[in-house]
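Engineer: Provided herewith is a single structure, encoded as structure tokens, for subsequent inquiry.
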Amino acid sequence: MAKSLDINQLTLRDKIREAARKSHDLIEHLEHSFVPKVHDLRKLARPQEPKSETPPVQDVTIRHQAALVMESDDYTERLCTETDALFESIATEVHKLATRGQSRMPGNR
């Protein structure tokens, strides 16, 4: 994670808040960065109309845009991994709390 958080040191409440923040960051990144970059790459890579008077797109331009998409994809993967780790930690902690509560119920001794 960006701040190098140790998930195991966070309270359940902090894990939930951090997961919500990371989820929001992921959505914002996908909507405002990753998807627009992919669309730009698709536009650049489209075959040009034979009768078009616009100059052809240079390979270096397409390679540059593809590099931007790949860089954005790396960031997307990091956010997904961090968010998944938080979700798994939350699920584990909630499961522990739920099963601990069941063992304390009358008749479960």
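Engineer: What residue among Asp59, Asp14, Asp25 shows peak mean-square fluctuation when the chain is described by a Gaussian network model with Cα springs under 10 Å?
Structural biologist: Maximum among the listed residues: Asp59.
Engineer: Using a Förster radius of 35 Å, what is the FRET efficiency between Asp40 and Ala91 based on their Cβ-Cβ separation? Nearest 0.05, please.
Structural biologist: 0.40
Engineer: Right, another one. Tell me, in nm to one decimal, what length is gained between Asp74 and Ala20 on full extension, where the rule is 0.36 nm per residue of separation less the Cα-Cα distance?
Structural biologist: In short, 17.4 nm is gained.
Engineer: Counting other C-beta atoms within 10 Å, and keeping those with at most 11, which DSSP coil GluC sites (Glu not before Pro) do you find in region 22-96?
Structural biologist: Within region 22-96, the qualifying GluC sites (Glu not before Pro) (loop, at most 11 other Cβ atoms within 10 Å) are Glu53.
Engineer: With a cut-off of 8 Å between alpha carbons and a minimum separation of six or more residues, what is the relative contact order of the chain in percent?
Structural biologist: Reported relative contact order: 44 percent.
Engineer: Select one label from [x] 1.30; [y] 1.00; [z] 1.50: the one whose number is Rg/Rh (Cα atoms, Kirkwood Rh) as derived from the coordinates shown.
Structural biologist: Structure-derived value, by its label: [x].
Read-outs throughout are calculated quantities, based only on the coordinates presented, and are distinct from any laboratory measurement. Predicted, not measured: the structure shown is a model, and the values here were computed from it. Virtual Cβ from ideal backbone geometry, glycine too; neighbours counted across all protein chains shown.
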